[in-house]
Ligand code: G3H
Ligand code: 13P
Ligand code: ZN
């Protein structure tokens with residue numbers, strides 16, 4: 001069934017594992033992820049960004065996710081990723097999403113509270129849970145400058161005030177991750193002291209790690225080997241994701257690793273069989289690659305296998 005993340009996060013928080021939240025844009029991506037979760041007997045969060053809604057048309061994604069729920073029998077959360085306004089969150093609540101993110105992190109602290117509170121009121125009245133973000137995911141340049149990093153990373157005292165005033169269900173924190181394939185210039189580094197300090201201020205509130213792809217070198221290598229140009233890509237080491245799960249992070253957002261897996265498989269297929277022009281014969285390997293990536297995440301990184 002389509003469920004909210006509430007009971008999933010309660011258990012994950014207690015037992016120090018995390019639930020994967022994977023971005024979906026089309027049928028093959030959804031099938032690859034769901035097949036992996038089915039094989040691993042893991043609950044799952046499928047998340048849809050504004051870009052995904054624009055690309056695929058919201059109704060197609062909704063119906064594909066419904067098909068996945070019906071076909072797999074798994075408990076699945078349908079989540080809006082980075083909703084930028086009350087209106088888009090309301091739209092998704094009305095469309096049957098079970099979870100929405102309001103990302104008002106670019107507004108002032110007070111405005112972020114006000115917008116988030118409004119979303120929480122509407123969503124909760126409809127049985128939907130809400131994730132919000134406090135602090136901004138640092139860019140590579142921001143992280144170099146300590147005072148700039150301090151300004152964008154999540155402040156523990158503000159986190160406490162934010163959660164108290166908004167009643168939000170989960171909080172996305174900024175501790176040094178960023179979106180995409182270029183997260184660190186030198187050694188990867190996350191501010192775990194800060195994560196622990198935030199966790200201590202908001203005990204029981206599940207936290208969310210955005211920008212949590214690992215950018216596995218073997219997939220970057222395959223892309224580059226078959227004509228891609230993704231030099232210097234680097235993500236969050238798997239050990240750090242596991243460490244985050246031990247300190248209150250219950251939701252781990254992964255998109256880039258799926259993109260890399262699918263693209264590596266398709267590039268390889270094209271290179272090895274230039275006569276192939278049947279989309280099923282390259283999207284199929286792309287789907288297989290996503291399935292294997294998600295199985296690896298669930299089993300070896302997130303620790304959510306065998307729960308359903
Ligand atoms: O938060 C970013 C996710 O990777 C979604 O990316 O906005 O290109 O769909 P997108
Ligand atoms: P990655 O780019 O690291 O996969 O992060 C995805 C994300 O945070 C989606 O909200
Ligand atoms: Zn994100």
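The values are calculated or read from the model by the stated rules, or taken from the named source; none is laboratory data. Computed from a predicted structure; not experimentally measured. Cβ coordinates were reconstructed from backbone atoms using ideal geometry, including for glycine residues, and neighbour counts include every protein chain displayed.
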If you check 230, 241, which single one turns out to be surrounded by fewer than 20 Cβ atoms within 10 Å (Cβ to Cβ), within 16 Å of ligand 2 (Cβ to nearest atom) and farther than 20 Å from residue 103 by Cα?
-> 230
Among the residues of the range 199-227, the number that are on the phi > 0 side of the Ramachandran plot and exposed (fewer than 15 other Cβ atoms within 10 Å of the Cβ) is 2
Expected single match for modelled with pLDDT of 95 or more and either part of a loop (DSSP other than H, G, I, E, B) or more than 16 Å from ligand 3 (Cβ to nearest atom) (or both) among 230, 241 is 230
For residues in the range 244-261 being part of a loop (DSSP other than H, G, I, E, B) and buried (at least 21 other Cβ atoms within 10 Å of the Cβ), which is farthest from ligand 2 (Cβ to nearest atom)?
-> 248
Taking the range 200-218 and keeping only residues that are more than 16 Å from ligand 1 (Cβ to nearest atom), outside any loop (DSSP other than H, G, I, E, B) and within 19 Å of the chain's Cα centre (by Cα), one is left with 207
Just need a number here: residues in the range 113-133 that are assigned to a loop (DSSP other than H, G, I, E, B) and in contact with a strand residue (DSSP E or B) (Cβ under 7 Å, 6 or more places away or on another chain).
-> 1
So, of the residues in the range 99-112 that are in contact with a strand residue (DSSP E or B) (Cβ under 9 Å, 6 or more places away or on another chain) and part of a helix (DSSP H, G or I), which turns out to be farthest from residue 166 (Cα to Cα)?
-> 109
